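K.L.:
Before anything else, here's the structure in question.
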Amino acid sequence: MEKRIFVYKNDTEMSQAIEKTLRKKLLKSDLKVYDEYDSENTDLIICIGGDGTLLRLVQEYNFPKTPIVGINTGHLGFFQEIIPEKIDDFIFMYNQEKYSIQSLNGVTAFIKTDTSTDKHIALNEITVKGLMTHPVHLDISINNSFIERFSGDGICVASPAGSTAYNYALGGSIVDPRLNLLQVTPIAPMQNVAYRSFTSSILLPSNDKLSVIPCSNNDRTLTIIYDGMMTEYTNVNEITIQLSRKKINLIRFDDYQFWEKVKSKFL
Ligand code: NAP
Ligand code: MN
């Protein structure tokens with residue numbers, strides 16, 4: 001049966017060139033490219049670019065349920081399953097249905113200020129920081145019980161999918177995405193007689209709710225970064241962060257193994 005394909009790409013020359021090649025190859029199969037994404041009828045989204053391109057796609061289409069497969073023309077391409085040389089293999093395996101789906105949950109943040117409540121969902125992570133270089137002092141609770149007063153640059157709350165991104169650079173752990181959990185990693189925590197907070201990541205079960213409350217008026221101006229996109233807030237009262245029920249479905253071929261991917265991209 002004919003399948004409906006939507007192609008999303010970044011604007012590099014390489015991605016444009018790969019898209020042309022891809023379209024030619026798809027024409028010869030039963031895979032038809034449509035110019036609009038249709039959440040009901042699109043069978044597959046092909047994302048040409050790097051991980052950043054996939055993050056943009058996920059934000060733009062609000063965590064589409066449609067299976068996504070990535071062709072890597074970026075730098076790292078941790079989400080991306082196919083290299084441009086393997087497009088023929090991909091079409092063959094897709095038509096033969098020789099693939100599995102890797103579901104990846106996002107992270108949701110509610111930002112409550114004096115005047116509004118805003119919501120962001122990130123695939124990788126929600127990062128809470130001060131303004132510019134200011135350290136922040138934040139009271140952190142889990143499921144309404146107070147855990148610690150954090151002082152430092154901020155905190156990074158990562159999904160399993162985001163564990164290999166900013167979280168990893170901060171010294172956090174790489175999480176096999178079959179474990180559904182939230183990882184809270186401190187960013188430059190201050191450790192002295194005045195301030196004391198956890199220096200390692202902490203892991204929370206998938207249903208737990210993290211609450212972040214600014215300790216003083218100075219801490220109520222905060223920067224929230226979701227998948228690399230930044231918004232500044234003033235007069236923040238509380239930020240709550242949870243694993244999202246929204247998820248994306250990545251296509252992985254039968255030879256995909258998470259730790260092989262980690263080895264090939266990190267060691
Ligand atoms: P970018 O400037 O291209 O840099 C981010 C790097 O992280 C890229 O190499 C990107 O891969 C890679 N990356 C993104 N998501 C990943 C994942 N889930 N696992 C492993 N690597 C991943 O920015 P971007 O492409 O828009 O990505 C935004 C992300 O950058 C944020 O969500 C945050 O995690 C990350 N970040 C990292 C640092 C750091 O490591 N110190 C600092 C700030 C932000 P591609 O090259 O394929 O795009
Ligand atoms: Mn990138």
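K.L.:
Based on the Cβ-Cβ distance of residue 76 and residue 193, what FRET efficiency does E = 1/(1 + (r/R0)^6) give at R0 = 45 Å, to the nearest 0.05?
P.N.:
According to the calculation, E is roughly 0.65.
K.L.:
Now for a separate question. Mind giving me the nanometre distance, one decimal, between the label points for residue 217 and residue 29, set 7 Å out from Cα along Cα→Cβ?
P.N.:
6.2 nm
K.L.:
Mind ranking 68-80, 253-265 by how tightly packed they are, going by the mean number of other C-beta atoms within 10 angstrom, highest first?
P.N.:
With the highest mean Cβ count within 10 Å placed first, the list reads 68-80, 253-265.
K.L.:
So which aspartates and glutamates can residue 86 reach, going by Cα to Cα under 15 Å and dropping same-chain residues fewer than 8 places off?
P.N.:
Correct list for residue 86: 19, 254, 255.
K.L.:
Under 1.5 on a/c is rounded, so check that first for the stretch 1-87, then, if it is not, pick prolate when a/b is larger than b/c and oblate when it is not; a ≥ b ≥ c are the square roots of the alpha carbon gyration tensor eigenvalues.
P.N.:
oblate
K.L.:
Related question: Among 1-12, 30-41, how do they line up from the highest to the lowest mean number of other beta-carbon atoms within 10 Å? Please list the in-between numbers first.
P.N.:
Numbers: 1-12: 15.6, 30-41: 11.4.
My ranking of the peptides, most packed first, is 1-12, 30-41.
K.L.:
With both bridge residues required to lie in the chain, what share of the DSSP beta bridges run antiparallel, to the nearest 5%?
P.N.:
80 percent
K.L.:
Determine which aspartates and glutamates satisfy two conditions relative to residue 25: a Cα distance under 20 Å, and not lying fewer than 8 residues away in the same chain.
P.N.:
Filter leaves 2, 13, 35, 36, 43, 81, 85, 88, 89, 97.
K.L.:
While we're here: Among 200-207, 136-143, what's the highest-first ranking by average C-beta atoms within 10 angstrom per residue?
P.N.:
136-143, 200-207
K.L.:
Let me check against my output: what whole-number percent is the relative contact order of the chain, with C-alpha pairs under 8 Å and at least 6 apart?
P.N.:
So the answer I get is 20 percent.
K.L.:
While we're looking at this one, here's another question. Please list, by residue number, everything in the stretch 122-146 whose backbone N is under 20 Å from a paramagnetic label point 7 Å out along Cα→Cβ of residue 234.
P.N.:
It comes to 129-137, nothing else.
K.L.:
Sticking with this structure for a sec: In the stretch 140-195, which chymotrypsin sites (Phe, Trp or Tyr not before Pro) are in a loop and have at most 15 other Cβ atoms within 10 Å, using DSSP for the loop call?
P.N.:
195
K.L.:
In this model, which of 28/65; 3/265; 24/65; 129/246; 24/247; 9/112 are farther than 29 Å apart at the alpha-carbon?
P.N.:
On the way: 28/65 26 Å; 3/265 32 Å; 24/65 26 Å; 129/246 24 Å; 24/247 31 Å; 9/112 34 Å.
Flagged as over cut-off: 3/265; 24/247; 9/112.
K.L.:
Against the longest principal axis of the chain, how steep is helix 13-27, in degrees 0 to 90 to the nearest 10, with axes from Cα atoms?
P.N.:
Rounded to the nearest ten degrees, it is 40.
K.L.:
How far, in nm, would the chain grow between residue 149 and residue 14 when pulled straight, counting 0.36 nm per residue and subtracting the alpha carbon separation?
P.N.:
Gain on stretching residue 149 to residue 14: 43.9 nm.
K.L.:
Report the full-extension gain for the segment residue 208 to residue 113: residue separation times 0.36 nm, less the Cα-Cα distance, to one decimal in nm.
P.N.:
32.0 nm
K.L.:
Could you work out the relative contact order of the stretch 66-174? I mean the mean sequence separation of Cα pairs under 8 Å and 6+ apart, divided by the number of residues, in percent.
P.N.:
Taking the mean separation of contacting Cα pairs over the length of the stretch 66-174, I get 18 percent.
K.L.:
With an 8 Å cut-off on Cα pairs and a minimum separation of 6 or more residues, tell me the relative contact order of the stretch 179-250 in percent.
P.N.:
Values: 85 pairs, mean separation 20.6, N = 72.
For the stretch 179-250, the relative contact order is 29 percent.
K.L.:
In addition: Using DSSP to define loop residues, name the GluC sites (Glu not before Pro) in the stretch 147-252 whose beta-carbon has at most 13 other beta-carbon atoms within 10 Å.
P.N.:
Nothing satisfies the criteria.
Read-outs throughout are calculated quantities, based only on the coordinates presented, and are distinct from any laboratory measurement. Every value quoted in this text rests on a predicted model; they were computed, and no experiment measured them. Note: ideal-geometry Cβ built from the backbone for every residue, glycine included; neighbour counts use all protein chains shown.
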